[in-house]
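Taking it in order: structure first as structure tokens, then the write-up.
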Amino acid sequence: MSGQSGVVAYEISDDAITVKFRDGDVYLYDYATTGRREVEEMKRLAVAGQGLSTYISRVVKDRYARKWS
């Protein structure tokens, strides 16, 4: 992740991505809740190391399956 990202870590699985943000909150985004296309784009951005936080805030918004604080 770039130094400017709000994302500090992520974990990719077949049909989901789990994202940890700088504030410590962890979110699970999956095909069922977020959408396959969106999750696949999030995976691509995570691997690229840029744009994931922006994509989540602009496109995905609050469509997460689970949140841990």
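Descriptive notes on the structure:
- Those residues of the range 51-69 which are out of contact with any Leu (no Cβ under 6 Å at 6 or more places or on another chain), modelled with pLDDT of 95 or more and either surrounded by fewer than 12 Cβ atoms within 10 Å (Cβ to Cβ) or closer than 18 Å to Ser5 by Cα (or both), in sequence order: Ser53, Thr54, Ile56, Ser57, Arg58, Val59, Val60, Lys61, Asp62, Lys67, Trp68
- Failed item, numbered, when Ala46 is tested on (1) over 8 Å from the mean Cα position of the chain (by Cα); (2) over 16 Å from Arg66 (Cα atoms); (3) of a type in the set (A, V, I, L, M): (1)
The values are calculated or read from the model by the stated rules, or taken from the named source; none is laboratory data. Just so it is clear, the structure is predicted and the values come from calculations on it, not from any experiment. Backbone-built Cβ (ideal geometry, glycine too); neighbour counts: all protein chains shown.
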